[in-house]
Each structure stands twice: as structure tokens, then as C-alpha cells.
1. If amide hydrogens are placed 1.01 Å from N in the peptide plane, which non-local residues have theirs closer than 5 Å to the one on Ile309?
2. May I ask you to evaluate 6.51 cos²θ - 1.76 cosθ + 1.60, the Karplus curve with θ = phi - 60°, for each residue of the range 305-313 and list the ³J(HN,Hα) values in order in whole Hz, giving x for glycine and proline?
3. Please list the non-local residues whose amide H lies under 5 Å from the amide H of Cys207, H modeled 1.01 Å from N, same-chain partners needing a gap of 5 or more.
4. How far apart, in nm, are the 7 Å Cα→Cβ label points at Ala148 and Arg252?
5. Excluding ligands and nucleic acids, what accessible area in Å² is computed for Cys331 using a 1.4 Å probe, to the nearest 10?
6. Could you order the peptides 155-165, 333-343, 82-92 from most to least packed, using the average number of other C-beta atoms within 10 Å per residue?
7. Report the accessible area of Arg154, computed with a 1.4 Å probe over the heavy atoms of all protein chains in place, in Å² rounded to the nearest 10.
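The values are calculated or read from the model by the stated rules, or taken from the named source; none is laboratory data. All of these numbers come straight from a predicted model, not from anything done at the bench. Positions of Cβ are generated from backbone atoms using ideal geometry, with glycine treated the same way; all protein chains shown enter the neighbour counts. The area values use the complete protein model at the heavy-atom level, side chains included, leaving out ligands, DNA and RNA. Shrake-Rupley method; radii C 1.70, N 1.55, O 1.52, S 1.80 Å.
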Amino acid sequence: MHYEDLVVLQNSSHSSDLYSSVSDTNLTCEYGYFSRDVSILWEVVLSPIVTLMTVCTNLFVICIFTSKVLRSPTTIILIGLAVSDSMSSLFANVLHPYFYFTSDNVNKVLPYPLCSVYMLLQNLGVSFHTVSVYLTAFLGIQKFSIVAFPFRSRRIFTKTMSYWATVIIYIVGFAIFSPNYVVFEFSRAADVDSSSCKDYTKDPDYCLFRHASWLSGGTLKHYHMYYYMTRCIVIQIIPCFVITFSTIYLVRSLVSNKVSMATAEQHRRKRRLTIMITLIVGIFLIVELPGAIFFAFDFHRFLTDQIVIPEDIDHLSVRIHNFLLCLGYACNFWIYFALSDQFRTQIRKSLRRLHITKTTNTTRVIVTRSY
């Protein structure tokens, strides 16, 4: 996941037009400008539109799947996935249009305290995305087990088990990157009382940042190693392997027609459910793989201090990848709608109830006014 990589955390050692007026005497300043370059195409137009569509459609998903008719071990996981997908997309993109139309678009420096709010939302987006990764992997494991071991798995993957698995995944997803929430300290430029930072305080409302005091000395390097290794093993390698394996197995089971039930109607429903889960897991995998590749380049840069991809190309690729993630989140609703007869039926019933309720309320108003 690269949401946090788009935050251009500039410091005084970087060469930039923004620092052309900074004298050499200020190179010892521990603060730096907190800047953010917003792309009008990807982050002001496309991503917010897809995010709005994702949130609206996932609200439908949550309402439909919480009904007793469709509640099952699989739909419980899908409800958790709908929540994490919506929150991840929302937190990652909600402030970008505001930044573009209200912030300093010349220097691209955020005001205080908007910078700290932005960083908090980005970290929440990363945490919720981590939850989505693990819920998708668990969904693949669950469906693989049901297809491979149909009788044994039904005793294991119960509704209660899905509830607890969802709760535990949420806790673990937030716990993994919990240090990210306290990595930086933010200050208003006017409140920084340091002679070595005097050129940074000329614009009093600008946001300055520095690493937190607990990262002093060699702790910062250890934290960076923890961050990269955690993302590499826990977020990239293990989930991608699980999702890839389960996707391949499910596709093979569909091709070989391994899913068998007692009646033709049950067979059709089971096959459609398998196709639905395969598409959800497969699309997620396709969208995640580019992120894993670019993360490998970032990891290489961290280990060797050698830049493989130019910065402008890297930022563009990150924006495109984040947009594709949001688009993947929005696809789930249409997969449910296309492949689940029960899902479509529940939507029609919900819309019918909404129409009846609206008509009843209108009739009550008319009758009341007649008196």
C-alpha cells in the first residue's frame, strides 16, 4: 500500500525550489515543511468519484447482507470487507479536493493543524487496507476449504467463527501499523522557537514536522527496518501467496466442475458463489501485485540507497495504483449483483419497502392536512 508514500515529507537536506532561500546555517534545523502535491486528474476528479460510488454501493451491501436471509459465514466476511474497503478509500481521498482548492498550490505546503489530520487519515486508510488484505485472504482460505473439504469445513467455518475472525483481523490490521500513528510530531511554524529554524517560521501558519522523540538515535533506522520487513512479509508475501493459491485452486475447481450438490439448482447456486468469490479474490490480487512490485523497488532503495524509478514516475504510478485500488473496491457490489439471485432479490425488496414507506408517509401527510 502506497498511500503514505504520496506524502512528500520534505526536509532541509532535500534540494527544492521551496528551499532556495534557506541559508546554510539552517541545515541543522530538525523541522521540515509538510508538503503535499495533489494531482487534479487522479486525486481531485477520478478517485473521489470512485470513492463516493464505493461508499454508496457498500452501504447497500452491508444492509443486504445483514438480513437474516443472506447471513452466512461468507457474507459476514463480506460485510467486514465492505466496511474496510469503504473506510480505506474514504480516508485516503477525502481531503484531496479540499487541499487542491484551499491550500497553497504554489509551495504545496499544508497549514497547521490540517497536516496532522491528513496524516491521521492516511494512516487510517493504510490500516483499513491492511484489514481488507487479510479479510480477502481469509475469504480465499474459507472458500478453498469449503470446496476441498466440504463436510469438515462446514463444521469449522461457522457464523460464530466468521464473526471472531473478522474482529481479530481488524485488531491485528490496526496493531501492525500502530507505530505509524506516532512517528511524526507536527507544529505550527509560528510556535517553533529555534534560531536554526528561523527561515522556516517566516510563514506562521505553515505546518512543520519532525520525527518523534522516541525515534532518536538508532531507533529510527530500526523502525524503518521493522516497517519495511513487516510490509514485505506480513502484508505482501504471505497474503499474496494465500490469495494466489486459493484463486488458482478455485479456478481449477470451476474448470473441472468439482463443485457438486444434490440438485441442479443447488449446484448452480454453489457454482455462482464460487465464481463470485473467485472474482473478488482474483481482482484484489491483480490490483495488489503492482503495489507489491513498486514496494520491492522502495525496499531496494532503502537497503542500497539507489533510486531505481525516478521520483515523478514513482509518484504517478502510486496515484494510478491507488485509483485502481479504489476501483477494485467498487467492483465488489457489481459482482454480487451480477452473480447472486438472492442479492438482487433483497435489493428489490428493500427498494419496494422504501417505496411503500414513502407512499405511506405521503398519504399520512395528505390525510392530516385534510382535517
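1. none
2. Once θ is set to phi - 60°, the couplings for the range 305-313 become 6, 10, 7, 8, 10, x, 4, 5, 5 Hz.
3. Phe34, Leu110, Tyr112
4. 0.9
5. Number for this one is 50 Å².
6. 82-92, 333-343, 155-165
7. It works out to around 120 Å².
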